[in-house]
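Nothing in this text is a laboratory measurement; each read-out follows from the coordinates by a stated rule. Everything numeric here is computed off the predicted structure, so don't read it as measured data. Ideal geometry is used to build each Cβ from the backbone, glycine not excepted, and the neighbour counts take in all protein chains shown.
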Amino acid sequence: MRRHFERALVIGGAGFIGSHLCERLLQRDTQVVCVDNFVTGSPDNVAHLAGVPGFRLVEHDITHPFADGHGAYDLVVHLASPASPRHYARLPIETLDAGAFGTRHALELAESHGARFLLASTSEVYGDPAEHPQKETYWGQVNPIGPRSVYDEAKRYAEALTAAWCRSRDGDVAIARIFNTYGPRMQADDGRMIPTFIRQALAGEPLTIQGDGEQTRSVCYVDDTVRGLLALADSAMPGPVNIGNPQERRVSEIAGQIRDLVGSTSPVEYVPAAVDDPRRRCPDISLARGSLNWYPEIGLREGLLRTIASIRREPVVL
């Protein structure tokens, strides 16, 4: 059943997933206040929404309290965090702060308005998993001091804080564990797998695969991810709920498909694997399918073609 949210606060709304979420909420006749500090998000991602009635863009860092005197909210979504390895390696303290102080401030704001709170967590909480596919009941296997830990542990802490808020303050909260998501408005140079392969293929450069390419990922098109987030927001479920595509694919397979779709002759180049890079990653979405009636609908080929078209239109500055 769909709730009607009158007014939503989307923190990190000028980021990749956030900008698509803002669009979808506006299509549902929800007023949207989009908050972002533009450290990794960009005003360009929501520039096309500037003239849409009910949309407002505010520059603010949610690691500091947010005071907005322009009405009440009935939905608060916390998406703010550097998400690509390149960004959180560059901004380690800021990433931890977004998970800690940012989540606290977002929860306090939701509580003060009596709003539903949705935390965008990540499959990274599972680390390099010993369970496959990963169910929400799995506790994960994470290196707490490795180079990826600033993102992993920020999200694990954010989940712990959100769950504690629910237990101790009876908060109306939900935790979404988002698996690899791709689509238009990804930064072509942010270091993540799909935009990197696309950029390299378009430029005729070698496609650099970390490790042997046999490691697996599941990739979900952004429209499907956003539908999943809204399905969870509409529900009364506290989560965590996996939001991702259960079709497991080898990294080398994804690289080859991108090269073929671009029509490139780029060679493949294997480079050393990143530290703590998971060998397998794939969600069990039984909970989302059974309780939210949600599952991905857009196939990899269609999603890649849309993403390639988007990156072709955008100049890449390295």
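Details
- Estimated dipole of the chain in Debye, rounded to 20 [Cβ of Lys and Arg +1, of Asp and Glu -1, Cα centre]: 480
- Legend: calculated FRET efficiency, Glu131 to Gln257, from the Cβ-Cβ distance at R0 = 35 Å, rounded to 0.05, equals 0.80.
- Charge dipole (the chain, unit charges on Cβ, about Cα centre) - positive-most of Val52, Ser149, Phe66: Val52
- Theoretical gain in end-to-end length, Thr208 to Ala72 [0.36 nm per residue, Cα-Cα removed]: 44.2 nm
- Segment 68-221: C-alpha gyration tensor shape, a/c 1.5 cut-off, then a/b vs b/c: prolate
- The phi torsions of segment 232-238, fed into the Karplus equation with coefficients 6.51, -1.76 and 1.60 and a -60° offset, translate into couplings of 5, 4, 5, 7, 9, 6, x Hz, rounded to whole numbers, with Gly and Pro shown as x.
- This ranking places Ile298, Ile62 by how few other beta-carbon atoms lie within 10 Å of each, fewest first, which gives Ile298, Ile62.
- Take every DSSP beta bridge whose two residues both sit in the chain; close to 5 percent of them are antiparallel.
- Reducing segment 181-214 and segment 233-254 to their Cα centroids gives an inter-centroid distance of 21 Å.
- Exposure proxy shown here: for Phe55, Phe16, the number of other Cβ atoms within 10 Å sets the order, fewest to most, as Phe55, Phe16.
- For segment 191-213, backbone nitrogen atoms closer than 14 Å to the point 7 Å from Val268 Cα along Cα-to-C-beta are found at 197, 206-213.
- Value of D in µm² per second that Stokes-Einstein yields for segment 247-318, Kirkwood Rh from Cα pairs, at 37 °C (0.692 mPa s): 214
- Positive end of the dipole of segment 221-318 (Cβ unit charges, origin at the Cα centre): among Ser252, Pro278, Met237, the Cα lying farthest that way belongs to Ser252.
- Using distinct alpha-carbon pairs, which all enter the 1/r mean, Kirkwood radius of the chain in Å: 19.7
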